[in-house]
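Everything below concerns the one structure shown next.
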Amino acid sequence: MSDFTIKSGATSPDLVVTLLDGGTPQDLTGASVTMRMRPVSGGPLTLEAPAAVVAPTESGVVSYTWVDDDTATPGEYEVEWVVTFANGTEQPFPGTGYTTVTIEPSLTSEPANPIPDLPDECWPVDQGCCDDFDNYSPAVQARSKALAVSALRALTGYQVGGCPVVLRPCKQSCVANLQVYPNWETYVPYINGDGQWLNMVCGNCVGDCSCATLEQISLPLPVGRVDGVKVGGVALQPSAYRLDSPGWLVRVDGGSWPTCQDLTLDDDQPGTMSVTYLNAEVVDGLASYAAGVLACEFAKACAGAKCRLPSGVTEISRRGLTMTIPAGLFTEGLTGIREVDVFILSHNPYLQKTPSTVWSPDQRTQRTMLR
């Protein structure tokens, strides 16, 4: 046990020691004192500074007031007091051994390796299925919910949930890639960007079942919902547009979508456009319930309690019957928890790892903002 303990970063209380010579307090009248400190493991001094002689001087009491970064580094230290008497002679105290000092880590200090924040998957979790969930610490609850949501995102092939993305779309002209006369008049008939022969020049595109021009933008699938649209840095009212399957954003207020935008600017500036939407299926009550069930099992596993998560056992033999279970967790794309697996199969019946996509080299890739 050390003679003195202080928290890292603290400058109080003072280190106060009585210097003894043969068990008797040393008379320090007219003397000066220097304190020296180093780690108990040895090495160079970490501190060498004047100490104060406390009156009455014949009591042998000295003190040191911590300053600046004296206590910045936690650890075990040994201290020696060097007394310079009035006649110029020097003597270290104590005669044998050292004054020992412990600097403990302060809970207010910044940890050396801070733990990163948990991911936010924007997935509400229904905890009503787990009566004991509130008994776990907030940290265990948060980790369990994050693990449950991350697992369900992966097991549904990333077709459900997630957070909205911000798209910077560019309107695709229906008269793209046309052959033109030298005076910039268009050949008629012509082939549009979709490979269709048309007998008219259009400024807005016309659907094959529409008798009027449509102001529309094709959003990359899937599209669960549209949360907001900005044009020129100004948010449009939801009544100004609608979402048509399979991902057409249609302008219905008589305005038009920009044909281009300045991508060097943020979407709150003039000359820009952005669409904030969820590129997955929306989390409903069943998804929230499944996440709650799975989070409850993760919490139990963290506490060492019995849970329904697969243990990764590869082979079991009992009464002449051998059963093999694939090693690892959720290797077959299911959890083994019935109510959770019903949800997974309802959205990912073929247990795909990722959503199916159709890609064309002729189709422009839309730009998504990363924030």
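Below, the figures for the structure above:
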quantity: Distant-in-sequence amide H partners of Lys7 (H built 1.01 Å from N, under 5 Å); calculated: Glu104
quantity: Principal axis dimensions, largest first and in whole angstrom, of segment 4-104 by Cα; calculated: 36, 25, 23
quantity: Rg over Rh [alpha-carbon atoms, Kirkwood Rh] for segment 42-89; calculated: 1.01
quantity: Inter-probe distance in nm under a simple model that places probes 7 Å from Cα toward Cβ, at Thr89 and Thr5; calculated: 3.9
quantity: Estimated dipole of segment 1-88 in Debye, rounded to 20 [Cβ of Lys and Arg +1, of Asp and Glu -1, Cα centre]; calculated: 60
quantity: Residue-span extension gain [Leu286 to Val250] - 0.36 nm each, minus C-alpha spacing; calculated: 9.9 nm
quantity: Segment Ala142-Ser356, extension gain: residue separation times 0.36 nm, minus the distance between their alpha carbons; calculated: 73.9 nm
quantity: Under 30 Å from the Cα of Lys353 - lysines, other chains or at least 8 residues apart; calculated: Lys145, Lys300, Lys306
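Only the coordinates and a few stated rules stand behind these numbers; no lab work does. None of the values given here were measured: they were computed from a predicted structure. Note that each Cβ is placed from the backbone with ideal geometry, even for glycine, and that neighbours are counted across all protein chains shown.
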